[in-house]
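The values are calculated or read from the model by the stated rules, or taken from the named source; none is laboratory data. Not measured: the values here are computed from a predicted model. Reconstructed Cβ throughout: ideal geometry from the backbone, glycine too, with neighbour counts over all protein chains shown.
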Amino acid sequence: MNIFNLFFKSSASTKKQVTVTTKNNILNAWNSVDIALKSKTPSQLRQALITADKCLDNALRDVVAGEKMADRLKNSKSKFDYKTYDNIWKAHKIRNNLVHEAGFEPSYVTLINSIKDLQNGLTKLGVKTN
């Protein structure tokens, strides 16, 4: 690498990463997700999905711009392969329905898969939760 590239590297060529502080905060929060996954009760799993969604949102705040999580998700498309990106969106929509729709009761499998999809998104961003 020549001296010009060292001093004038464009911001487009530098990849933003999740900060160590954010990673530590996510790992602390993820402990409650792990506990909920072991308990397997519907209310615990619903809360685990909400927490997992918040964890991914916190990671996205470090790597992309956007006022709301939906904006950050749209701006993060290049960070994920198509399947991961699609699954993250589906999981986020399940979370939104859970929080905003009275009486919405996703199945056990839907909750587990949504949590795993959000966890996979974190992994793709360099945040290991297990």
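Quick notes on this structure:
- Residues satisfying the stated conditions in segment 18-33, i.e. farther than 13 Å from Lys54 by Cα and without any contact (Cβ under 8 Å) to a residue 24 or more places away in the chain: Val20, Thr21, Asn24, Asn31
- Looking at Ala65, Ala36, Ala59, Ala29, just one residue is small (Gly, Ala, Ser) and modelled with pLDDT under 95, and that residue is Ala36.
- Residues that are part of a helix (DSSP H, G or I) and either at pLDDT below 95 or among the basic types (Lys, Arg) (or both) within segment 111-130 comprise Lys116, Lys124, listed in sequence order.
- Filter result for Lys128 (loosely packed, with under 12 Cβ neighbours inside 10 Å, over 17 Å from Gln17 (Cβ atoms) and not hydroxyl-bearing (Ser, Thr, Tyr)): no
One line per residue, one yes/no per condition, for (1) among the β-branched types (Val, Ile, Thr); (2) under 11 Å from the mean Cα position of the chain (by Cα); (3) within 18 Å of Asn96 (Cα to Cα):
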site	(1), (2), (3)
Leu45	no, no, yes
Ala48	no, no, yes
Lys54	no, yes, yes
Asp57	no, yes, yes
Asp62	no, no, no
Ala65	no, no, no
Met69	no, yes, yes
Lys77	no, no, no
Tyr82	no, no, no
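- Of the candidates Gly103, Gly121, the single residue that is over 13 Å from the mean Cα position of the chain (by Cα) and not basic (Lys, Arg) is Gly103.
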